[in-house]
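All remarks here apply to the structure that follows.
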Amino acid sequence: MLTATFRQFYRRSALKMTELTQIVEKNLQAQVLVDSIKSEMTGILQVKKQQLIKENADLTKQVEAALSQLTKLELANGKKQIPVPGAVVRGLCTKASESADTIVAAAEPAIKPVNEAPKEKKPAKEKKPAAEKVKPAPAPEAPIDVGRLDLRVGKIIEVGRHPDADSLYLEKIDCGEPSPRTVVSGLVKFIPLEEMQNRLVVVMCNLKPAKMRGVTSEAMVMCASTTEKVEVLSPPAGSVPGDLVHCEGYPRQPDAQLNPKKKVFETCAPDLKTNDALVACYKGAVLHVPGKGNIVAQTLKNVNVK
């Protein structure tokens, strides 16, 4: 009886020792993981710290360069630079010897020697006329290419004849905006009315609005065109109103509104054409809706797009 009890006790003790050993091993594994995470976080923080130090140094240089430029401009306009007593000057004020206008005269001794002859006053220097204000250089203009045209997918939700012109359609086009755009298109002779209704089109949205027979047109429907035939360009399947049209190799950065005097569209137009595969291109680079497909004509190859 005693032996059986002892065996039972021994087995339970062995089981508890096994569990205790497992707990200790898990604890050690957890500690190793914590140490690894701490080491990794320390490395990340060090890298981030170095990045912030570098960024701060770069910003300091930019500020000092800007202040230096400001000082030069003020000097060019005849403004004196007076150092502030006790302030830290970082090379922003010119030395006293650089310009007569910025000389700060040293204070004379409080008591002059009795026998010292009075100094002759120097004739006052004639003030130089203030330099003309330096106008900041205008920001460089983006190159004239298809990237400046705001081409989007639109859907004609309403179309009819212009009340005062037999050759014009009057359309309402959803371009993915809060309200549809009014567009006047000279397509009556080329495309039947029923083919215009509820179709997806490509629209140029940053033309300056213009009145056409008394109605203000707010965009232009893009078409493949010859003197005998015109086809409305078709967006790829799956397109929705408001999808943006891109061109490979030309970053999309459209003007808010094209300035007619700069003739941006007129400059691009000769290079907007369909290719042998009916795809609309600019200088051979494909017009497309990213992730959906290319802009195409139905039958017209190697013709102008306008």
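What follows is calculated from the coordinates using simple rules that are stated; it is not laboratory data. For clarity, every value in this text was computed on a predicted model and none was experimentally measured. When we count neighbours, we look across all protein chains shown, and the Cβ atoms used for this are built from the backbone with ideal geometry, even at glycine.
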Of the listed peptides 31-44, 165-178, what is their order by residue-averaged count of other C-beta atoms within 10 Å, with the highest listed first? 165-178, 31-44
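Which value, in nm² and rounded to one decimal, describes the direction-averaged projected area of the C-alpha convex hull of region 198-258?
Details: hull surface 24.6 nm².
Orientation-averaged projected area of the Cα hull: 6.1 nm².
Taking the Cα centre of region 138-190 as origin and charging only Cβ (+1 Lys, Arg; -1 Asp, Glu), how large is the dipole, in debye to the nearest 20? Intermediate results must be reported in sequence, preceding the final value.
Values: 7 positive and 9 negative charges, 31 e Å.
Using Cβ point charges on Lys, Arg, Asp and Glu, region 138-190 gives about 140 debye.
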In nm², what is the average projected area of the convex hull enclosing the Cα atoms of region 142-200? 5.4
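Give me the net charge for the shell around Thr216: Cβ to Cβ below 11 angstrom, other residues only, Lys and Arg +1, Asp and Glu -1.
Values: positive: Arg181, Lys208, Lys211, Arg213; negative: Glu218.
Here the count lands on +3.
Exceeding 30 Å between C-alpha atoms, which entries from my cross-link table qualify? They are Lys172/Lys261; Lys54/Lys79; Lys229/Lys283; Lys72/Lys208.
Over 30 Å apart, Cα to Cα: Lys54/Lys79; Lys72/Lys208.
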Quick check for me: using +1 on Lys/Arg Cβ and -1 on Asp/Glu Cβ, what's the dipole size of region 152-256 about its Cα centre, in debye to the nearest 20? 180
Region 149-172 and region 42-62 have their Cα centres apart by a whole-number Å value of 56
